[in-house]
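Here the structure comes first, spelled out in structure tokens, and everything after it is commentary.
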Amino acid sequence: MTKQINGFKNDFKLCPMCGSKKIENHGNRKWICPDCGFDLYNNVASAVGVVIYDKYDNVLFEVRAKEPRKGFIAVPGGFVDFEESAEEAVVRECREEIGVPVEGAHFLCTAPNTYEYKGIEYKTCDIFFTAALPPQYDSINDFIKSLKAEESEVVAFEARKISSEEDIENLPLAFESARHTLKRWLQKHPVVE
């Protein structure tokens, strides 16, 4: 469990540079050590995700194999690497997690998120894209048969029909940023009757 100090979960007891016990938390955005002058900023990390869908309003989800939120579902995605654009990251993450690089991804929206891992809380700006199912597949279920999960990341794949906000609210999503994103996708995507 992450320790919460003064309403903020990521706090240091010692300066990472000199070891001083006098390190000060300034507004939960940075830490300053009065002994050595070290400054550490709590900047937001970037992550990506992609809503892959078919003509039947089914969306591809992964069942997470590890913490945080092991066993919950998520859209394919992950953290943006150094020297990588969000567009490059979404292609790489899909190649790694589902074994297929996504093609024709289009920007959908961004959403703030909290990613808690091993007692550290990371604030992220999640960048979401959409991508239609590759044309050689009729449905997400057909597509799933061709996917190869990265076993350390993904337990299984699922197709879930998304045709209402109620469908989205009932999903066991790992991250609230995905819930926000699916609602945006639903607003822009005509539902098949």
Please verify whether residue 177 is touching a residue at least 40 places away in the same chain (Cβ under 8 Å), loosely packed, with under 15 Cβ neighbours inside 10 Å and under 20 Å from the mean Cα position of the chain (by Cα), treating the condition exactly as stated.
no
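Look through region 31-59, keep the residues that are in contact with a Leu (Cβ under 6 Å, 6 or more places away or on another chain) and in a strand (DSSP E or B), and return whichever of them is surrounded by the fewest Cβ atoms within 10 Å (Cβ to Cβ).
Here is the first cut: in region 31-59, the ones in contact with a Leu (Cβ under 6 Å, 6 or more places away or on another chain) are 31, 52, 54.
So of that shortlist, the ones also in a strand (DSSP E or B) come out as 31, 52.
Values: 31: 19, 52: 24.
Per the criteria, the residue is 31.
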Report, by residue number, each residue of region 102-130 that is assigned to a strand (DSSP E or B), over 17 Å from residue 80 (Cβ atoms) and touching a strand residue (DSSP E or B) at 6+ places or on another chain (Cβ under 7 Å).
106, 121, 130
Failed criterion for residue 74 (all others in (1) at pLDDT 95 or above; (2) touching a helix residue (DSSP H, G or I) at 6+ places or on another chain (Cβ under 9 Å); (3) exposed (fewer than 15 other Cβ atoms within 10 Å of the Cβ); (4) among the small types (Gly, Ala, Ser) hold):
(3)
For the subset of region 131-149 comprising residues that are outside any loop (DSSP other than H, G, I, E, B) and not hydroxyl-bearing (Ser, Thr, Tyr), which member is farthest from residue 188 (Cα to Cα)?
145
Odd one out for residue 61, checked against (1) in contact (Cβ under 8 Å) with a residue 60 or more places away in the chain; (2) outside the structural domain of residue 128 (by TED's automatic domain parsing); (3) of a type in the set (Phe, Trp, Tyr):
(2)
Restricting attention to region 150-174, and to residues there that are within 15 Å of the chain's Cα centre (by Cα) and outside any loop (DSSP other than H, G, I, E, B), which single residue is surrounded by the fewest Cβ atoms within 10 Å (Cβ to Cβ)?
173
For region 116-140, enumerate the residues that are of a type in the set (Phe, Trp, Tyr), in contact with a Ser or Thr (Cβ under 9 Å, 6 or more places away or on another chain) and at pLDDT 90 or above.
128, 137
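Results for (1) surrounded by fewer than 21 Cβ atoms within 10 Å (Cβ to Cβ); (2) within 16 Å of residue 155 (Cα to Cα); (3) among the acidic types (Asp, Glu), shown as yes or no for each residue.
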| residue | (1), (2), (3) |
| --- | --- |
| 78 | yes, yes, no |
| 81 | yes, no, yes |
| 96 | yes, yes, yes |
| 100 | yes, no, no |
| 103 | yes, no, yes |
Does any residue in region 124-140 that is under 18 Å from residue 93 (Cβ atoms) come within less than 9 Å, Cβ to Cβ, of a residue that is among the basic types (Lys, Arg) and assigned to a loop (DSSP other than H, G, I, E, B) six or more places away or on a different chain, and which pairs are these?
132/55; 133/55
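The values are calculated or read from the model by the stated rules, or taken from the named source; none is laboratory data. As the structure is a prediction and not an experimental result, all values here were calculated from the model. A quick note on method: Cβ atoms are made from the backbone with ideal geometry, for glycine too, and the neighbour counts reach across all protein chains shown.
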